[in-house]
Amino acid sequence: MTGPAAPQDDGRDESRAERMDRNWVELLQELRVLQTGVQILAGFLLTLPFQARFETLDGYQTGLYLANVIVAALTTASILLPVSLHRRLFRQGLKATLVAGADTIAKVSLGGVMLLSVGTTSLIFDVTLGRTAGVMAGVGLLAVLVLLMVFVPAALRRKGLEEKPQ
């Protein structure tokens with residue numbers, strides 16, 4: 001775990017620099033997983049205008065499509081930002097700052113992936129089954145993702161803190 005909530009002593013025999021290096025590598029791996037998902041969704045969105053049915057989208061669907069394209073582009077940029085930061089801060093003795101910043105950026109990127117998943121699902125259901133189904137699918141997926149990405153980690157953290165030996 002990185003950032004301010006990271007434990008000071010987690011039982012590992014490593015220096016602060018080694019911990020920062022390990023945290024950096026773990027963050028990069030997480031961002032690689034995120035990047036693949038965003039690339040798949042963005043690739044799907046980029047193919048839509050070339051489909052014959054795209055011309056039949058109404059104003060709401062076109063707006064939702066364009067919002068998804070913007071979210072995909074911004075999420076891609078946020079996933080790439082830690083690499084840019086690393087290049088800018090390389091060998092300046094700011095590894096802790098880099099890791100903390102990349103941790104925040106990864107959380108923002110997860111939010112972008114959530115929005116992109118909800119928006120894309122909503123668009124697909126809207127085009128396929130109608131507006132009500134699109135809204136219901138989007139709201140339903142948003143609820144599930146918030147549960148999975150916010151409440152489950154919070155509950156696990158709380159449980160872990162309760163079980164942690166003093």
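The values are calculated or read from the model by the stated rules, or taken from the named source; none is laboratory data. Only a predicted model underlies this, so the values are computations on that prediction, with no experimental measurement involved. When the accessible area is computed, the model is the full protein with side chains, heavy atoms only, and any ligands, DNA or RNA have been set aside. Shrake-Rupley method; radii C 1.70, N 1.55, O 1.52, S 1.80 Å.
Evaluate the following for residue 81: is it open to solvent by less than 40 Å² (accessible area, probe 1.4 Å) and either under 22 Å from the mean Cα position of the chain (by Cα) or of a type outside the set (Gly, Ala, Ser) (or both)? Against the criterion (open to solvent by less than 40 Å² (accessible area, probe 1.4 Å) and either under 22 Å from the mean Cα position of the chain (by Cα) or of a type outside the set (Gly, Ala, Ser) (or both)), residue 81 does not qualify. Scan segment 130-142 for residues that are over 16 Å from the mean Cα position of the chain (by Cα) and either of a type in the set (Asp, Glu) or open to solvent by 50 Å² or more (accessible area, probe 1.4 Å) (or both) and jot them down. Correct list: 131, 132, 135, 136, 139. Name the residue, out of 97, 56, that is hydroxyl-bearing (Ser, Thr, Tyr) and either closer than 27 Å to residue 149 by Cα or at pLDDT below 85 (or both). 97 is the lone residue from the list that is hydroxyl-bearing (Ser, Thr, Tyr) and either closer than 27 Å to residue 149 by Cα or at pLDDT below 85 (or both).
With respect to the conditions (1) β-branched (Val, Ile, Thr); (2) closer than 15 Å to residue 112 by Cα; (3) open to solvent by 40 Å² or more (accessible area, probe 1.4 Å), residue 75 falls short on a single one, namely (3). Residues that are acidic (Asp, Glu) and modelled with pLDDT of 80 or more within segment 4-24 comprise 13, 14, 18, 21, listed in sequence order.
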